[in-house]
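Down below is the structure, laid out as C-alpha cells.
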Amino acid sequence: MTDPARPGPARPGPAGEVTDRAAAGFLHRYGEPPAGRWAAPGRANLIGEHTDYNDGFVLPFTLPLRTVVAAAPQDGGRWTVWSELSDSPVEFGVAEVTAPGRVTGWGAYVAGVVWALRDAGHHVPGARLAIASDVPVGSGLSSSAALEGAVLAALVDLGGVDLPAERRPRLAQRAENAYVGVPTGIMDQSAVIRCRPGHALFLDCRTESVEHIPFDLAAAGLAVLVIDSRAPHRHAGGEYASRRTSCEQAAELLGVAALRDVPAAGLDEALARLDDDETRRRVRHVVTEDQRVLDTVELLRAGRIRDIGPLLTASHASMRDDFEITVPEIDTAVEAALSAGAYGARMTGGGFGGCVLALIDADRADAVTAAITTAYAARNFPTPTPTFHRLP
Ligand code: GAF
C-alpha cells in the first residue's frame, strides 16, 4: 500500500534496464561498484481483497516489474540511500532506527526494514544503497512491498543473516505497520517475496501456509490485462484503516477471532446478528470473498482458467457495493472491459484508485484497452495506462 507521504504520482521510469540502472546509480553516486543487486517484483492480486487482515485467503501473482537495490556495506552504523525516483538521498544512523517513525517519506520504508531486522535481534550492517524501480508508485501494484522486499534481501545477505523466505514477509509487514505506520495485512509482502513466476500464490493469511497454483495463461491463449485507472487516491490511508476497524469490530460482535471464522454457509445467520447495515455489508464482502478465493483455486487446479471470470467480476461487485472501495474510474474500466469481451474484470489492490485487471483472450488486449480508453474519454477521465498484458 502506498504511504501518502511518498512522492507521487508515479513518474515514468528512466530509460534502461532496471538492474543496470541500480548498478549505474550506485557507481555514479558512490564512486565504486556495488557488492551485489537484489530485486523484488510488483504484484497484482487475482482475487481475495481485504481478506488478508481478516485472517483469510488471497491469490496474488507477481508482475514483470521490479524494484532493484544495488548495495554494499558501509562502516559506522550508517545507511545512505539513493533512489532514482527522488531528488534527494536519505541518510540515517542507528539513532533513527532505535524507534519507529524517525525517518519519514519514502526513506521510512528502508529505515523500517533496518529497524524491524534489528528489533528482531538480527545484525544489520551499515550500508550504501541505490534503488531503481519499474513498479509505478501509487498504482496499487505494491511498490512499497517491492521496496521492502528488495531492501530486506540486500541487508539480510550483506549481514549474513539466516532468515528463510517464509519468515521475511512478517518482518517486512512489521516495517510497514509499525515503522511507516500503514496498517496493511500480510498479502503484499508475501506476494513479492514468496510468489513463483507462472503461478499464483494461494496464501492462508492465518497460518501463512502457501500453495503455488499453476497459472499458465499463455498455454490457454489468455492474458491478464492490468490497467492503471489513474484515479487519484481519495483518502486511501484513512479509508483502508476504517475498513479494517469495521471488520475487527464485526468479528468481536460475532464472537470470532477474525471474519475468516464465519463460514460462507453461516453467513446469513451471522448477518442476522448484526444491527448495522454497513457492518453487515462489510462482513458479507469478506466472507463471500474468502469463498470466491477458494472457488477460484479449485477452478485453477482443474485447469479451468476461463471459468474464473465470473468470480473476478463478482468480486468487483462486492467491492463496489458491499465494501465500497471502488471509484467511478475503476467501475468504468471494469464495465468497459467486460463489454469488450473480458471473461472477468475487477479492481485489484486496496482500492480508491489503483489498477483494474481483466482476464482476456490474448489477442484481445488492444481491443479491450481501446474500449476502456473510449469509455474514459466519454466521461472526461484521464487516459488510463495499460501496465502490461501478460504474466511472466
Ligand atoms: C493493500 C494492503 F497492503 C494489503 O495488505 C491488502 O489488504 C490489500 O490492500 C487489499 O486486499 O494492498
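Solvent-accessible area assigned to carbon and sulfur over the stretch 66-207 amounts to 46 percent, based on a 1.4 Å probe. Kirkwood's formula applied to the C-alpha pairs of the stretch 309-371 gives a hydrodynamic radius of 11.4 angstrom. Note on the chain: with a GNM built from Cα contacts shorter than 10 Å, the maximum mean-square fluctuation among VAL327, VAL68, VAL114 falls on VAL327.
In this simple spin-label model, placing a label point 7 Å from the Cα along the Cα-to-Cβ direction at both GLU211 and ASP75 gives a separation of 5.4 nm. Every Cα-Cα pair in the stretch 13-61 was counted, and those over 12 Å apart are 71% of them.
Helix 277-301 against the longest principal axis of the chain: what's the angle in degrees, Cα atoms only, rounded to the nearest 10? Rounded to the nearest ten degrees, it is 80.
Please find, in a Gaussian network model of the chain (springs between Cα atoms separated by less than 10 Å), the residue of ASP361, ASP87, ASP20 whose mean-square fluctuation is greatest. Highest fluctuation among the options: ASP87. With the simple model of a label 7 Å out from the Cα in the direction of the Cβ, GLU324 to ASP157 spans 4.7 nm.
Per residue, the chain exposes 38 Å² of accessible surface when a 1.4 Å probe is rolled over the protein heavy atoms with every protein chain present. Treating the angle as unsigned and between 0 and 90°, give the value, to the nearest 10°, between the Cα long axis of helix 365-378 and the longest Cα principal axis of the chain. Once rounded, one gets 80 degrees. The residue among MET347, VAL256, SER318 whose Cα reaches farthest toward the positive pole of the charge dipole of the stretch 242-392, with charges on the beta-carbon of Lys, Arg, Asp and Glu, is MET347. Size descriptors for the stretch 267-392, from the alpha-carbon set: Rg then Dmax equal 15.8, 49 Å. Extent of the chain along its three principal axes (Cα atoms, max minus min coordinate, largest first): 60, 49, 40 Å. A simple spin-label model places the labels of ASP276 and ALA378 3.8 nm from each other, with each point 7 Å out along Cα-to-Cβ. Each listed q (0.18, 0.20, 0.21 Å⁻¹) maps to a log10 I(q)/I(0) for the stretch 104-199, found by the Debye formula over equal Cα scatterers with no solvent: -0.78, -0.97, -1.08.
Note on the chain: with charges restricted to the Cβ of Lys and Arg (+1) and Asp and Glu (-1), its dipole about the Cα centre is near 680 debye.
The C-alpha atoms of the chain define a longest principal axis, and helix 143-159 lies at about 40 degrees to it. When the alpha carbon gyration tensor of the stretch 192-325 is reduced to an equivalent ellipsoid, the three semi-axes, largest first, read 28, 19, 15 Å. Of GLY42, GLY149, GLY237, the residue with the greatest mean-square motion in the GNM of the chain, using alpha carbon springs below 10 Å, is GLY237.
Per residue, the convex hull spanned by the Cα atoms of the stretch 23-108 measures out at 149 cubic angstrom.
The values are calculated or read from the model by the stated rules, or taken from the named source; none is laboratory data. Computed from a prediction, not measured in an experiment: that's the story for all the values here. Reconstructed Cβ throughout: ideal geometry from the backbone, glycine too, with neighbour counts over all protein chains shown. Keep in mind that these areas ignore ligands, DNA and RNA; they rest on the heavy atoms of the full protein, side chains included. Shrake-Rupley method; radii C 1.70, N 1.55, O 1.52, S 1.80 Å.
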